[in-house]
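All remarks here apply to the structure that follows.
The values are calculated or read from the model by the stated rules, or taken from the named source; none is laboratory data. Small disclaimer: the values here were computed from a predicted structure and weren't measured. When we count neighbours, we look across all protein chains shown, and the Cβ atoms used for this are built from the backbone with ideal geometry, even at glycine.
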Amino acid sequence: MRYCFPALPSPLNSKTKGPLLLHLRSFTIFSPPPYATHLPQSAANPAADAAFRLHSCSDPSLLAQIHALVLRRNLLCLPFHWNSLMRCYLRLSMPAAAFLLFIHMFRAGATPDRYSLPIALKAAFTSFAFSIGRQLHSVAVKCGLSCHEFSESGLISVYAKAGEFAPAQQLFDENPNRKLGSWNALISSYTQAGLCIDAIHLFAALRRGGELLPDEMTMASIASACGSLGDIRLAEQIHRHSMHTSSSGHLDVMLSNSLIDMYAKCGRTDLACNMFDEMPHRNVSSWTAIIMGLATHGNAWRAMELFRRMDVTPNHVTMVAVLCACAHGGMVEEGMAHFEEIVEGRVKGVEATPAHYGCVADMLGKLGWVHEAAEIVERMPWPASAVVWGALLGACEKHGEVRIGEKAAAKLLELEPWNDGVYVVLSNIYAGAGLWLEVERVRRLMRNSSSGKIPGYSLPDVTVSMGGVNWLC
């Protein structure tokens with residue numbers, strides 16, 4: 001390789017994804033590398049110095065200079081050196097550069113070790129280039145790396161993120177000696193996709209196996225799944241089991257945050273507050289979880305009190321929680337003040353997002369300021385989502401605003417043409433205004449719409465269906 005990539009784009013877009021796939025298809029590796037199952041060798045002093053510089057580099061322009069220096073001194077002789085350079089590009093949010101470096105690793109005659117492929121998988125995962133997952137799977141098989149823990153868990157994550165759970169599950173099932181990282185990858189993927197019962201069944205299988213013990217990452221994922229289900233009995237079991245799992249006797253910050261969120265989603269904000277108060281160390285996610293939990297359950301004043309006590313810099317999710325608290329508590333002046341601070345860039349490190357605009361529109365609409373809410377939606381630099389238009393439509397129904405309600409309904413039907421509930425709400429708005437001819441017209445449109453009624457379903461009691469309330473312990 002004779003050049004570096006200082007100006008490569010951060011995401012893998014349609015222009016970069018195609019050539020990468022072609023490069024991958026051109027690989028021909030007939031046997032596993034001799035060192036594929038060994039740890040990387042120690043580097044000589046110049047290479048170690050380069051690796052140290054790469055590890056400490058935080059400036060993309062400086063990285064380009066270090067990359068050029070590494071090439072001039074011919075230090076890319078071991079996978080360890082390539083891995084250090086790829087990790088640095090990935091750490092600086094340049095996944096496309098990391099991935100192209102992985103490709104040039106082959107062209108330079110080097111063969112990846114068991115640490116190289118997970119970096120490439122993370123680059124694809126970070127860039128949402130999930131279609132490359134199958135190509136990387138082929139490379140892993142050719143290199144004899146597909147059964148290594150980090151490679152397998154990375155492949156599972158990429159497949160699952162692409163919505164291809166069948167190959168992810170097959171990859172998991174075909175390895176009888178799977179490690180905890182593979183279990184964690186699949187449990188986390190099921191949870192993030194909303195397949196929470198599948199995640200809990202998989203966790204139960206891990207516990208029944210008895211060979212591996214869940215770690216904090218496992219418990220954080222399963223706590224998130226439980227919170228989505230809202231099962232307090234299961235939540236209490238998970239909390240008890242988390243205490244048994246902790247090697248130090250104290251829960252780490254990540255797991256504690258997950259338990260706070262779990263209890264809040266199960267409606268037990270008292271237990272969430274107890275968890276928060278008992279934490280010896282808190283990060284921004286800890287404060288965000290408790291503020292959001294209190295806000296969504298109507299305790300807006302307590303949420304805002306905690307926000308004022310917050311001793312770490314808030315992020316954009318924290319500010320969503322704050323605006324949500326203002327919306328639930330009817331604190332319009334304070335909510336608008338925080339919103340203007342965000343829009344004007346006066347909150348350090350926080351840029352306005354659609355979620356911030358949506359929260360403010362919801363806040364104004366709930367209090368009857370429907371015209372002001374509509375103006376906020378119109379001011380959004382992005383197209384409003386169905387959630388935002390739905391909130392505005394609900395406010396129009398509550399406060400009898402016909403004209404804005406018609407516009408919100410039309411926008412919502414563009415985004416969700418299958419949603420018959422829009423017709424029902426619009427019909428109610430017309431009925432409240434005494435426009436009976438319009439009511440009949442809307443009901444006729446609903447009858448003639450091609451979409452059918454979406455069937456309801458019941459959520460099973462997970463703890464009962466899995467054989468009692470003590471199956472985790």
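Which one is farthest from Gly267 (Cα to Cα) among residues in the stretch 176-206 that are more than 19 Å from the chain's Cα centre (by Cα) and either modelled with pLDDT of 90 or more or part of a helix (DSSP H, G or I) (or both)? Let's see the steps before the verdict.
Of the residues in the stretch 176-206, the ones more than 19 Å from the chain's Cα centre (by Cα) are 176-180, 201-206.
Filter again for either modelled with pLDDT of 90 or more or part of a helix (DSSP H, G or I) (or both), leaving 180, 201-206.
Details: Leu180: 31, His201: 23, Leu202: 25, Phe203: 23, Ala204: 24, Ala205: 28, Leu206: 28 Å.
Applying the filter and picking the extreme gives Leu180.
Scan the stretch 258-273 and give yes if some residue there is surrounded by fewer than 18 Cβ atoms within 10 Å (Cβ to Cβ) and farther than 18 Å from Phe203 by Cβ, otherwise no. Yes: the stretch 258-273 contains one or more residues that are surrounded by fewer than 18 Cβ atoms within 10 Å (Cβ to Cβ) and farther than 18 Å from Phe203 by Cβ. Criterion applied to Gly368, Gly349, Gly335 was being within 21 Å of Gly298 (Cβ to Cβ) and assigned to a loop (DSSP other than H, G, I, E, B), and the one residue passing it is Gly368.
The condition of being at positive phi and not aromatic (Phe, Trp, Tyr) holds for only one of Gly227, Gly210, Gly293, that being Gly210.
Go through the residues of the stretch 335-348 one by one and say whether even a single one is closer than 29 Å to Leu255 by Cα and either outside the structural domain of Asp270 (by TED's automatic domain parsing) or of a type in the set (D, E, K, R) (or both). I'd like the intermediate steps shown before the answer.
Residues of the stretch 335-348 closer than 29 Å to Leu255 by Cα: 347-348.
Filter again for either outside the structural domain of Asp270 (by TED's automatic domain parsing) or of a type in the set (D, E, K, R) (or both), leaving 347-348.
Yes, the stretch 335-348 has at least one match.
For the stretch 100-117, the tally of residues that are crowded, with 22+ Cβ neighbours inside 10 Å and in contact (Cβ under 8 Å) with a residue 24 or more places away in the chain stands at 8. Out of the residues in the stretch 326-341 meeting the condition of being free of Cβ contacts under 8 Å to residues at least 24 places away in the same chain and surrounded by 19 or more Cβ atoms within 10 Å (Cβ to Cβ), tell me which one is farthest from Val388 (Cα to Cα). Applying the filter and picking the extreme gives His338.
Among the candidates Leu294, Leu323, which residue alone is surrounded by 19 or more Cβ atoms within 10 Å (Cβ to Cβ), under 16 Å from Cys359 (Cβ atoms) and in contact (Cβ under 8 Å) with a residue 40 or more places away in the chain?
The unique qualifying residue is Leu323.
Of the residues making up the stretch 207-223, those that are assigned to a helix (DSSP H, G or I), within 25 Å of the chain's Cα centre (by Cα) and surrounded by fewer than 21 Cβ atoms within 10 Å (Cβ to Cβ) are Glu216, Met217.
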